[in-house]
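The values are calculated or read from the model by the stated rules, or taken from the named source; none is laboratory data. This structure is a prediction, so every number in the text was calculated from the model and none was measured. Cβ: placed from backbone, ideal geometry, glycine included. Neighbour counts: every protein chain shown. Heads up: the accessible areas ignore ligands, DNA and RNA and are worked out on the full protein's heavy atoms, side chains in. Shrake-Rupley method; radii C 1.70, N 1.55, O 1.52, S 1.80 Å.
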Amino acid sequence: MLTQVLHWDLVRDPWFFDFGRDALPDPTAIALYQFWGRAEYSEVADGLRLPHQRREQMTDCWMTLLRGRRVGSYDTWQHIARASRDVAASNPVAAAIIALYALAWWEGQLGTRLYQERWPHLPYGLHPSWHLFPLVAAQNLLESNAIWASRRLARTVVGAVENSSGWNGDRNPDVTADCRATLRSVDRRYTECVDNLAWELRESCRTEQPNFRPEVAALFWSLGDVPHANLLRDTLLVPSREVINRLVQRSMQVIHLDPGVQWIWLGLRDRPPFRLREHRELFVSINMVWSDMRSLDLQRGEIEGEHLVDLHSTSEVTPSRAYASAIVEFHASGVTPTTLAQLSDAHLANAGQFGLHAPESLLRLRSLLTLLVDPAELGSGTRSRSELWEILAGFAADIVEARERDRRDAYDRRLDIPFYYVERSYPGSLARALDLTERYRAAGQWYWRYVLAHPAESTKAEARHLLARERQLVEELRSNHFLRLLPFLPQGYGRLVASDFGAGGEGDASHVERDLQRLAEAARDTAQYLAAELDDVAQRLAAIDQCYAAARLPRHATVDDFAALLKPK
């Protein structure tokens, strides 16, 4: 829990980010000296050499406590957590720092028992301290304006409590009332930050100069919203406030994985018509160098991304920066020859890395090249531009099919881009467009569409062992699918599975997060084996009993399959 907060969220919050460059402000340092100087906390202060003055000292101490170091009693740390709320009234940053020490100690002491629900002499359910240590930390962080860290902690507490067996027994809303209230406060603060930026961004889309119309259009196009990009490029209209709000929210969700989007946002720095830096809560995420943090990203289940392509790039200009320049110029006055050359070089030099780490970004880059470059110059032989769009639409379906129902972001619309340009003005092209669209729609449904058909009584005896094997493989596929979802499910599920597999170690909760990720990665490899085995069994069954084989849905649907399902029986 705290490991994710430290490595992923707290670094995005302004005061902690500034603290990495400078020493603590005097008021905060004084408040910490006064707090840890109290006689009742002397054992903890002496044992941990508190207070610390540098961010590195604090994070090292927090990680040591997370590993289960024993210093001070439960009663002492409980008193520290509660006393930090009093400090929050005068110095919220100091209160947040104190609460994080208490949270680190608490999580380290519980270790792999963090989600345990059976405790001696206590009612069935999570340990009661769940309503103190992480909740106080979330409240103090919110008051210090650390919205990213407080948001994760509040969501973790609510998710853990409401997914526990103890809570689901009577589902008493009073138990989670404080947690829910804190989460609502955090979400309101985050929404305010997004709304404020969205308001200024929309005002910057007006036609008066200077404006950010090309940059906003580039953001829409990069996130897969081609119609709104075209609206800004080809008309004088301004998108609605709701649409711009969704654009900002989506950007904040993906900016750590999509440097192409990040470079477009960075182009708004220090330019009129408004100062992006004044939106501090969001600007730190926009301005952060994410590429050197990829190893820390594993806890979220995200092990791929265009940042890895930039890290391995051999071109003069990184692919993401070349892309951002080209897409902005395309929606402005036109792409210059220099920018187009940089984009083409970045594509040629890094296509392999794109395919390995970020196929969605590769499709987006190729879509942009198809818009900008004559087909003959793309090495496509005699193919027309409309044929290239059909190839790219097929490539989008290939990407989804290759995932084999891996859990992906349902709001990722980058793969939609080529479908907006596929020719459909005459019957032949319309039929191909419909086939591509249906293949794309059904591409990610292989797991859900793999249903065991009931065999006919006439099924030959030699097929019985194949049917038993098929049933066994499908059961394994279902279990495997659950393991692949672990990084995205509430943490309570993951901890239960991790304990069954012997993951983690007593007193060290951070091991479990890494082991869960390894389980999910191993499950992805196993899924490929299971898919191949199921295909083999299906082919052998088809050879034995064609009636049974005909009852099976094909692996990838077509428009004709869809139309057949709609026919009256």
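The table for this structure:
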{"read-out": "Residue count, region 234-263 (criterion: out of contact with any His (no Cβ under 8 Å at 6 or more places or on another chain), assigned to a loop (DSSP other than H, G, I, E, B) and under 13 Å from residue 201 (Cβ atoms))", "value": "2"}
{"read-out": "Any hit, region 264-272, residues being in contact (Cβ under 8 Å) with a residue 60 or more places away in the chain and in a helix (DSSP H, G or I)", "value": "yes"}
{"read-out": "Looking only at region 35-47, and only at residues there that are surrounded by fewer than 19 Cβ atoms within 10 Å (Cβ to Cβ) and in contact (Cβ under 8 Å) with a residue 12 or more places away in the chain, the one that is farthest from residue 5 (Cα to Cα)", "value": "40"}
{"read-out": "Cross-chain or 6+ apart pairs with Cβ under 8 Å, region 190-210 first and more than 25 Å from residue 14 (Cα to Cα) and without any contact (Cβ under 8 Å) to a residue 60 or more places away in the chain, then open to solvent by less than 60 Å² (accessible area, probe 1.4 Å) and assigned to a loop (DSSP other than H, G, I, E, B)", "value": "205/211; 205/212; 205/238; 205/239; 206/238"}
{"read-out": "Where residue 300 falls short, out of the listed (1) modelled with pLDDT of 95 or more; (2) open to solvent by 40 Å² or more (accessible area, probe 1.4 Å); (3) within 21 Å of residue 250 (Cβ to Cβ)", "value": "(1)"}
{"read-out": "Positions within region 92-114 being open to solvent by 20 Å² or more (accessible area, probe 1.4 Å) and either in contact with a Pro (Cβ under 6 Å, 6 or more places away or on another chain) or within 27 Å of residue 11 (Cβ to Cβ) (or both), in sequence order", "value": "92, 93, 109, 112"}
{"read-out": "Residue list for region 184-207, filter: open to solvent by 70 Å² or more (accessible area, probe 1.4 Å) and more than 24 Å from residue 138 (Cα to Cα)", "value": "199, 203, 206"}
{"read-out": "Some residue of region 332-339 being assigned to a helix (DSSP H, G or I) and under 18 Å from residue 223 (Cβ atoms)", "value": "no"}
{"read-out": "Where a residue in region 413-426 is open to solvent by 60 Å² or more (accessible area, probe 1.4 Å) and its partner, wherever it lies, is modelled with pLDDT of 95 or more and β-branched (Val, Ile, Thr), with Cβ under 8 Å and at least six apart", "value": "420/226"}
{"read-out": "Top-ranked residue of region 213-252 - restricted to ones that are crowded, with 16+ Cβ neighbours inside 10 Å and polar (S, T, N, Q), ranked as nearest to residue 414 (Cα to Cα)", "value": "222"}
{"read-out": "Residue in region 398-456 that is modelled with the highest pLDDT, counting only those that are within 19 Å of the chain's Cα centre (by Cα) and hydrophobic (A, V, I, L, M, F, W, C)", "value": "415"}
{"read-out": "Inter-residue pairs, beta-carbon under 8 Å, first among the basic types (Lys, Arg) and in region 138-156, second outside any helix (DSSP H, G or I), 6+ apart", "value": "none"}
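Residues are listed down the side, and each one gets a yes or a no for (1) buried (at least 16 other Cβ atoms within 10 Å of the Cβ); (2) free of Cβ contacts under 8 Å to residues at least 12 places away in the same chain; (3) hydroxyl-bearing (Ser, Thr, Tyr); (4) on the phi > 0 side of the Ramachandran plot:
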{"site": "310", "(1), (2), (3), (4)": "yes, no, no, no"}
{"site": "325", "(1), (2), (3), (4)": "yes, no, yes, no"}
{"site": "332", "(1), (2), (3), (4)": "no, no, no, no"}
{"site": "352", "(1), (2), (3), (4)": "no, yes, no, no"}
{"site": "355", "(1), (2), (3), (4)": "no, yes, no, no"}
{"site": "361", "(1), (2), (3), (4)": "yes, no, yes, no"}
